[in-house]
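Here's the structure we're looking at; comments come further down.
The values are calculated or read from the model by the stated rules, or taken from the named source; none is laboratory data. Note that the structure is a prediction, hence the values are computed from the model and not measured. Positions of Cβ are backbone-derived with ideal geometry, glycine not excepted, and every protein chain shown enters the neighbour counts. With ligands, DNA and RNA removed, areas are computed over all heavy atoms of the protein, side chains included. Shrake-Rupley method; radii C 1.70, N 1.55, O 1.52, S 1.80 Å.
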There are 2 protein chains.
Amino acid sequence: MGRKQIKDTLSKELIVEEADRQFLELDFNKVSMRSIASALGCTHGSIYYHFQNKEELFNAVIEKYFTMLNQMLENSLNLDAIEGTKQIFINYMQFGLNNQSQYDFMFVQHHGLEDPLQQPAPRKSLKKFIDTIQELHQNRLKEDNIHSTFISLHGFVLYYKGRIERYDDAKIAANAHADFLLKALVI
Amino acid sequence: MGRKQIKDTLSKELIVEEADRQFLELDFNKVSMRSIASALGCTHGSIYYHFQNKEELFNAVIEKYFTMLNQMLENSLNLDAIEGTKQIFINYMQFGLNNQSQYDFMFVQHHGLEDPLQQPAPRKSLKKFIDTIQELHQNRLKEDNIHSTFISLHGFVLYYKGRIERYDDAKIAANAHADFLLKALVI
DNA sequence: AAGAAGAATTGACCACTGGTTAATTAAATG
DNA sequence: CATTTAATTAACCAGTGGTCAATTCTTCTT
């Protein structure tokens, strides 16, 4: 037993790529190390040469999703306060419901390390969410309220996750929810 | 092989009782059929004589928690509109965070049957939540807004779940969140 | 070119999970 | 007492994440 012939070297990138592919259709617990390995034509043991464990692998997978989310927030900065804020709300829910498995791992699971949202990446995204909205409103909002808003959007995603396939199936409800929160935020 | 001697008959009640006990400290995925069985001094196979599967067993376990939740809602009916509504918000978050494993199974997991919240019991509790608040406000509220409120409380529970041990550790945030939602609800 | 050193892969294994079932034993019934 | 019936067991299945000694392939050195 030894090296691979077909795909020659099994790089970290290839593994992440395949894990990402399967993650699009199945959630964390349903994507197994063995299924990733067999798709790559190797055994699951070899993945452990490149990654310490399953969590580390999937942390690598979701990196780009955090980038996407942060990017989205930045893109809303050149808008009017109200419009920009609503845009962020909508986009957040859209992101969460169009990347359900990933969202879950990013903000809920992460169960290797006690508190998902205290991890660097989730924390950073949360901070960016708050800072961006605060900036749109020239620091006139109460941070607690922005935090409550985040929690409420988080709730929307987790409420509809599993019930619907894609964001569009909850578009109307999302719009109503966004208006509801916007009203509470800007009084 | 055969009957039990120690606890004589292994009734459904005894199994539910033990599952409930372990459910207080560990979540659904960490409570195994084997651990329940061994605590009862039998093998896990025998549990399957009384319950079709793990989900059915835990459905029996959470029955009383749905009753608790519904009871709580009814107890808030003889209060003033604003006070009663806030009371419900607080109590809901308190329930969720003081029964984290159970809450998760009641409203998130239930993964055998696609949509947890469309299951009879969760659905009934959600309806009671909406109806109770509507009644406190003499049907003057928009149902969509009450629904958004529920989602936001749901979000609060799931956000703090795992981060804190008990509700009291998030008491201040819960109060702020309740005020935030109350404002949005009654304009 | 030969051989040693190192990197990468394998397969067999571990402990665990939910779930099934033939065989067995206990209790209830005639 | 015998027979039926209810309950329990142990052995098994397929699956999971994870580990590791043995092996093979690559590369570097002499």
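Tabulated results
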{"quantity": "Among residues of the range A:149-180, those that are of a type in the set (Ser, Thr, Tyr) and farther than 21 Å from A:Gln134 by Cβ, counted", "calculated": "3"}
{"quantity": "Sole residue being surrounded by fewer than 21 Cβ atoms within 10 Å (Cβ to Cβ), within 13 Å of chain A (Cβ to nearest Cβ) and either in a helix (DSSP H, G or I) or out of contact with any Lys or Arg (no Cβ under 7 Å at 6 or more places or on another chain) (or both), chosen from B:His147, B:His154, B:His177", "calculated": "B:His147"}
{"quantity": "Helices (runs of 4 or more DSSP H) fully within the range A:1-105 counting 2 or more residues that are open to solvent by 20 Å² or more (accessible area, probe 1.4 Å), near DNA strand D (Cβ under 8 Å from one of its atoms) and over 30 Å from A:Lys171 (Cβ atoms)", "calculated": "A:33-40, A:44-50, A:54-75"}
{"quantity": "Test: residue in the range A:112-128 that is surrounded by fewer than 21 Cβ atoms within 10 Å (Cβ to Cβ), farther than 25 Å from A:Gln22 by Cα, within 14 Å of chain B (Cβ to nearest Cβ) and touching a His at 6+ places or on another chain (Cβ under 9 Å)", "calculated": "yes"}
{"quantity": "Extreme residue, farthest from A:Ile62 (Cα to Cα), among residues of the range A:129-144 that are more than 8 Å from chain B (Cβ to nearest Cβ) and open to solvent by 90 Å² or more (accessible area, probe 1.4 Å)", "calculated": "A:Arg140"}
